[in-house]
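**Q** My questions will all concern the structure given below.
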Amino acid sequence: MKYILVTGGVISGIGKGIIASSIGTILKSCGLRVTAIKIDPYINIDAGTFSPYEHVVPHITDAVQEWVMNQAKVPVDDDRKEPQICVIELGGTIGDIEGMPFVEAFRQFQFKAKRENFCNIHVSLVPQPNATGEQKTKPTQNSVRALRGLGLSPDLIVCRSAKPIEMAVKEKISMFCHVEPEQVIFIHDVSSTYRVPILLEEQGIIKYFKQRLNLPIDDQPSDLLMKWKKMADRYERLLKVCSIALVGKYTKLSDCYASVFKALEHSALAINHKLDLMYIDSTELERSTEAENSVKYHQAWHKLCKADGILVPGGFGIRGTEGKLQAISWARTKKKPFLGVCLGMQLAVVEFARNCLNWKDANSTEFDPDTKNPVVIDMPEHNPGDMGGTMRLGKRRTVFKTQNSVLRKLYGDAMFVEERHRHRYEVNPELTHCFEEKGLKFVGHDTEGNRMEIIELENHPYFVGVQFHPEFSSRPMKPSPAYLGLLLAATGTLNAYLQRGCKLSPSDSYSDLSDDSSPEKEFPNSETS
Ligand code: GLN
């Protein structure tokens, strides 16, 4: 097959169709079999039902705008009030093909929202190549130009750099990117991400937003930012260390476990410990690795054995599951604090079935659809053979079944918790009694009582599995209770914490860092904004 692509430039309607069909005619007259395709690059639900007036309005841009406006209104704080500001991060880089409809949506949206209600922050990079040691502004200039070309103008240009940026560079960016110097903000690499809000504030960002978005706020930062500063200082002064082994599959790309890492760090910080996170590739704990590379195998086991606590995170697919089961077995039998998240919980159930119930071929149907002991099974929603759009997703309620639950206590003796989900398989509800008789308790389930959400093992310092992902709701000043429990147990302080009624010890006290913000501000005329 030969292909001839006819493209147009500058304006549409210059006769591409005529040229294309004429070429076809000529080639046909040469005795060739010719076909033709006309591509209309609409991104629409049904382009065939358009009115001719609508032909440049792709549905996707309207859909994006509508979705943003609806989503922005959803309450996210405990007070359940509608938010006043929505910060939108558009992933990727300006110019990426997949981002184009979204950039265009926001180009339109800026007019719909009106100037005082919409602004754009463009984050860029200022590299400093070793050859000259000079901080280079060209990539920023180019990316701002690309952004402007797509119809968005940056209100603030945030320049990331390895070292603090010099004043002359700021002036250059201001001049060549056509913004005032105060619209150029510098964020160099800092000791912890907790320093970033402070750097932003130091460069006058509050004053800028106040004016630009007409916000009813003071120029001065609230106490909350002071607390951030204290937290950032604390982070740098940590003396005691707590090590956690994260037994996963994607350990070469640690960013895959960013939320888990952050949740662990929030908890470690809350109890005044530095987190020593050791990534272990679960396949390296498997017997097959011992045969191929015994050094790797023993190193992996060495890391696992010396860790104060073990975490098996979420995951998909069979590779590495045997190694995770080994790690879980170790945690259970050696009474090492353990937290299993999603797949981590499912595998803890499999491990228990194999080694405590003696169901040797117990498995999840995800890994062995023909197992005689399917202890983790497909959920009814799951559509076999189709991986798209079939997960049980999002925030859902888990009800505690008993008061005798360490996690319930950690959650402040709550009757229920709401956490985020992302799974296709579930613990087989018909078999739970077999586990409970031997000490593995299912202490939390969904509102209907069918789906097992939390496991806890009796007579163990901390052996907890959760079907949900508590890491997604962990915050620097409000660590996730499930993760905090792991860190407390790993540092031998869990019981004391529970006895104090879930309060940190006075020396670790975090009360001065609690998450309450400054008094609430209402917009003067919220109807029009
Ligand atoms: N693969 C498992 C499932 O689909 C676990 C998913 C996860 O860990 N997020 O249920």
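The values are calculated or read from the model by the stated rules, or taken from the named source; none is laboratory data. What you see is a predicted model, and the numbers here were worked out from it, not measured in a lab. Methodologically, a virtual Cβ is constructed for each residue, glycine included, from the backbone with ideal geometry; neighbour enumeration extends over all protein chains shown. With ligands, DNA and RNA removed, areas are computed over all heavy atoms of the protein, side chains included. Shrake-Rupley method; radii C 1.70, N 1.55, O 1.52, S 1.80 Å.
**Q** Could I have the simple spin-label model distance between Lys503 and Ile39, label points 7 Å from Cα toward Cβ, reported in nm to one decimal?
**A** For Lys503 paired with Ile39, the spin-label model returns 6.7 nm.
**Q** Once both labels are modelled 7 Å past Cα along the beta-carbon direction, what's the Asn404-Glu201 spacing in nm?
**A** 4.7 nm
**Q** Could I ask something else about it? Out of all DSSP beta bridges with both ends in the chain, state the antiparallel percent to the nearest 5.
**A** Antiparallel bridges: around 40 percent, rounded to the nearest 5.
**Q** Once the piece of chain linking Leu215 and Thr447 is laid out straight, how much longer is it, given 0.36 nm per residue of separation minus the C-alpha distance between them?
**A** On the way: separation 232, 0.36 × 232 = 83.52 nm, distance 4.11 nm.
So the chain would gain 79.4 nm between Leu215 and Thr447.
**Q** Residues in the range 445-468, backbone N under 19 Å from the label point at Arg397 (7 Å along the Cα-to-beta-carbon vector): list them, ranges by number please.
**A** 445-454, 467-468
**Q** Under a 5 Å amide H to amide H cut-off, with H placed in plane at 1.01 Å, what residues pair with Asn363 once short-range neighbours are removed?
**A** Under 5 Å from the amide H of Asn363 lie the amide H atoms of Asn373, Val375, Val376, each far enough along the sequence or on another chain.
**Q** In sequence order, what are the phi-derived ³J(HN,Hα) couplings for the range 232-238 according to the Karplus relation 6.51 cos²θ - 1.76 cosθ + 1.60 with θ = phi - 60°, rounded to whole Hz, with x for glycine and proline?
**A** 5, 5, 4, 3, 7, 10, 5
**Q** So what is the orientation-averaged projected area of the range 1-43, using the convex hull of its C-alpha atoms, in nm²?
**A** For the Cα atoms of the range 1-43, the hull's average projected area reads 3.7 nm².
**Q** Take peptides 327-338, 118-129, 292-303, 77-88 and line them up by average Cβ neighbours within 10 Å, highest first, as a rough protection proxy.
**A** 327-338, 118-129, 292-303, 77-88
**Q** Turning to a different aspect of this structure: Can you tell which of Ser259, Pro164, Pro506 lies farthest toward the positive end of the dipole of the chain, using +1 and -1 charges on the Cβ of basic and acidic side chains (Lys, Arg; Asp, Glu)?
**A** Final value for the positive-end residue is Pro164.
**Q** Accessible area of the chain with a 1.4 Å probe: how many percent of it is carbon plus sulfur?
**A** Ligands and nucleic acids excluded, carbon and sulfur reach 55 percent.
**Q** Report the dimensions of the range 373-489 along its three principal axes from the alpha-carbon atoms, largest first, rounded to Å.
**A** Reported extents, whole Å, longest axis first: 42, 36, 23.
**Q** Apply 1/(1 + (r/R0)^6) to the Cβ-Cβ distance of His433 and Val241, taking R0 = 60 Å, and write down the FRET efficiency to the nearest 0.05.
**A** Step by step, r from the Cβ atoms, then E = 0.90.
**Q** OK, next. Calculate I(q)/I(0) for the range 47-196 by the Debye formula, one identical point scatterer on each C-alpha and no solvent, and give its log10 at q = 0.11, 0.12, 0.15, 0.20 Å⁻¹ to two decimals.
**A** Calculated log10 I(q)/I(0) at the listed q: -0.56, -0.65, -0.92, -1.28.
**Q** R0 = 30 Å: FRET efficiency of His178 with His59, Cβ-based, nearest 0.05?
**A** 0.35
**Q** Something else now. Hey, what do the phi angles of the range 167-179 turn into as Karplus ³J(HN,Hα) couplings, whole Hz, using 6.51/-1.76/1.60 and θ = phi - 60°, x for Gly and Pro?
**A** For the range 167-179, the Karplus-derived couplings read 4, 4, 5, 4, 5, 5, 5, 4, 5, 7, 9, 6, 9 Hz, x marking Gly and Pro.
**Q** Sticking with this structure for a sec: Report the gain in length on full extension from His188 to Lys306: 0.36 nm times residue separation, minus Cα-Cα distance, nm rounded to one decimal.
**A** Working it through step by step, the gained length comes to 39.0 nm.
**Q** Taking a virtual spin label 7 Å from the Cα of Met167 along the C-beta vector, which residues in the range 133-152 bring their backbone nitrogen under 13 Å of it?
**A** Backbone N within reach: none found.
**Q** Please list 3J(HN,Hα) in residue order for the range 195-205, calculated via the Karplus relation 6.51 cos²θ - 1.76 cosθ + 1.60 where θ = phi - 60°; whole Hz, with x for glycine and proline.
**A** With the stated coefficients, the range 195-205 comes to 7, 4, x, 5, 4, 5, 5, 4, 9, x, 5 Hz.
**Q** Given q = 0.16, 0.22 Å⁻¹, what are the Debye log10 I(q)/I(0) values for the range 168-285, with equal point scatterers placed on the Cα positions and solvent ignored?
**A** -0.91, -1.19
**Q** Would you mind checking Lys227/Lys274; Lys2/Lys38; Lys303/Lys372; Lys335/Lys503; Lys81/Lys227 for any pair whose Cα atoms are more than 28 angstrom apart? Write down the numbers at each step before the final one.
**A** Numbers: Lys227/Lys274 19 Å; Lys2/Lys38 16 Å; Lys303/Lys372 34 Å; Lys335/Lys503 24 Å; Lys81/Lys227 24 Å.
Cα-Cα > 28 Å for Lys303/Lys372; rest within.
**Q** In bins 5 Å wide, starting from 0, what share of all Cα pairs of the range 241-322 does each bin hold, as a percent?
**A** Reading the bins upward from 0: 3, 15, 25, 23, 18, 9, 5, 2, 0.
**Q** I would also like to ask the following. In bins 10 Å wide, starting from 0, what share of all Cα pairs of the chain does each bin hold, as a percent?
**A** 3, 14, 21, 21, 20, 13, 6, 2, 0, 0
**Q** Using the Cβ atoms and a cut-off under 14 Å, what net charge is assigned to the surroundings of Gln110, where Lys and Arg are +1 and Asp and Glu are -1? All intermediate terms of the calculation are to be shown ahead of the outcome.
**A** Details: positive: Arg107, Lys112, Lys114, Arg115, Arg148, Arg212; negative: Glu104, Glu116, Asp155.
Residues close to Gln110 contribute a combined charge of +3.
**Q** Using amide H atoms built in the peptide plane, which far-off residues or other-chain residues are under 5 Å from Phe416 H to H?
**A** Phe400
**Q** With a 1.4 Å probe and every protein chain left in place, work out the accessible area per residue of the chain in Å², rounded to a whole number.
**A** 56 Å²
**Q** Could you tell me the relative contact order of the range 1-113? Use alpha-carbon pairs under 8 Å, at least six residues apart, and round to a whole percent.
**A** The value is 16 percent.
**Q** Now for a separate question. Can you order the peptides 439-447, 179-187, 89-97 by their average number of other Cβ atoms within 10 Å per residue, highest first?
**A** With the highest mean Cβ count within 10 Å placed first, the list reads 439-447, 179-187, 89-97.
**Q** Could you state the orientation-averaged shadow area of the convex hull built on the Cα atoms of the range 81-145, in nm² to one decimal? Could the numbers behind the result be given before it?
**A** Working: hull surface 26.5 nm².
So the mean shadow area of the Cα hull is 6.6 nm².
**Q** For the range 305-418, what are Rg and Dmax over the alpha carbons, in angstrom?
**A** Cα only, the range 305-418: 15.7, 42 Å (Rg, Dmax).
**Q** Follow-up question, since we're still on this one. Any chance you could get the radius of gyration and Dmax over the Cα atoms of the range 1-130, in Å?
**A** 22.2, 75
**Q** Just from its helices, what would the mean residue ellipticity at 222 nm be for the chain, if runs of 4 or more DSSP H residues each count -39500 (n - 2.57) and the sum is divided by every residue, rounded to the nearest 500 deg cm²/dmol?
**A** On the way: 17 runs with 178 residues, N = 529.
Dividing the helical sum by the residues of the chain leaves -10000 deg cm²/dmol.
**Q** Rounding to the nearest 20 debye, state how big the charge dipole of the range 359-491 is about its Cα centre with +1 on each Lys and Arg Cβ and -1 on each Asp and Glu Cβ.
**A** Computed about the Cα centre, the dipole is about 600 debye.
**Q** What residues have an amide H closer than 5 Å to that of Val123, excluding those fewer than 5 places away on the same chain, when H is modeled at 1.01 Å from N in the peptide plane?
**A** HN-HN under 5 Å from Val123: Val158.
**Q** Taking the Cα centre of the range 93-226 as origin and charging only Cβ (+1 Lys, Arg; -1 Asp, Glu), how large is the dipole, in debye to the nearest 20?
**A** Working: 16 positive and 16 negative charges, 87 e Å.
With Lys and Arg at +1 and Asp and Glu at -1, about 420 debye.
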